[in-house]
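Below: one structure, written as structure tokens.
The values are calculated or read from the model by the stated rules, or taken from the named source; none is laboratory data. Everything quoted here is computed from the prediction, not taken from an experiment. Positions of Cβ are backbone-derived with ideal geometry, glycine not excepted, and every protein chain shown enters the neighbour counts.
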Amino acid sequence: MRARTQDSNVVTIEHPLVAAKLAILRSKATLPEDFRRALQEISVLLLAEAARTWETVPYQIETPLRGCTVSNLKRPVVFVPILRAGLGMLDGMTTLLPDAAIGHIGVYRDEKTFLPAARDYRRSTGGAARSDAGDRKQRVPGSDLAKGEWG
């Protein structure tokens, strides 16, 4: 996968599979079940690219033939889906990282400015012995899918 950086916070993924899935997402003829499937599939591809630079830690395992050094993610992951696109991407991403915790941000419209404002942040514990969210690698699904960008 090649990624083109437009600025320090936005990466555009240039990959034939991403382009093919985006075509399905953009088509007005796409059925809802096909849209959901394509969104789940593209979210796996986007997560793979986003995780490219995540830190890992090596450890030893025994294979049927001999010992082997493998690696695991250094920190647990928290997904915080944003609106409908983010919620749709969550299924695909949790397929790759089923132990990831899920965070939620409450948003409301400020009555004076009419702009969205965050009310609160909550996350699921996602299993035993979870550390504070500050120790986790956090991803925010809900990118601008029409442009194929992951931010």
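Summary table
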| item | result |
| --- | --- |
| Long-range neighbours under 6 Å by Cβ, at least six apart or interchain, first residue of a type in the set (Gly, Ala, Ser) within the stretch 97-125, second at pLDDT below 70 and outside any loop (DSSP other than H, G, I, E, B) | Ala101/Arg123; Gly103/Arg123; Gly106/Arg119; Gly106/Asp120 |
| Count - residues of the stretch 20-71 that are assigned to a strand (DSSP E or B) and either modelled with pLDDT under 95 or among the hydrophobic types (A, V, I, L, M, F, W, C) (or both) | 4 |
| Any pair with Cβ under 6 angstrom, 6 or more apart, that starts in the stretch 20-40 at a residue that is touching a residue at least 12 places away in the same chain (Cβ under 8 Å) and closer than 17 Å to Arg84 by Cβ and ends at one that is in a loop (DSSP other than H, G, I, E, B) and among the hydroxyl-bearing types (Ser, Thr, Tyr) | Ile24/Thr30 |
| Where Thr12 falls short, out of the listed (1) surrounded by 13 or more Cβ atoms within 10 Å (Cβ to Cβ); (2) farther than 30 Å from Ala117 by Cβ | (2) |
| Residues of the stretch 78-93 that turn out to be more than 8 Å from the chain's Cα centre (by Cα) and either surrounded by fewer than 17 Cβ atoms within 10 Å (Cβ to Cβ) or under 10 Å from Val44 (Cβ atoms) (or both), as a count | 6 |
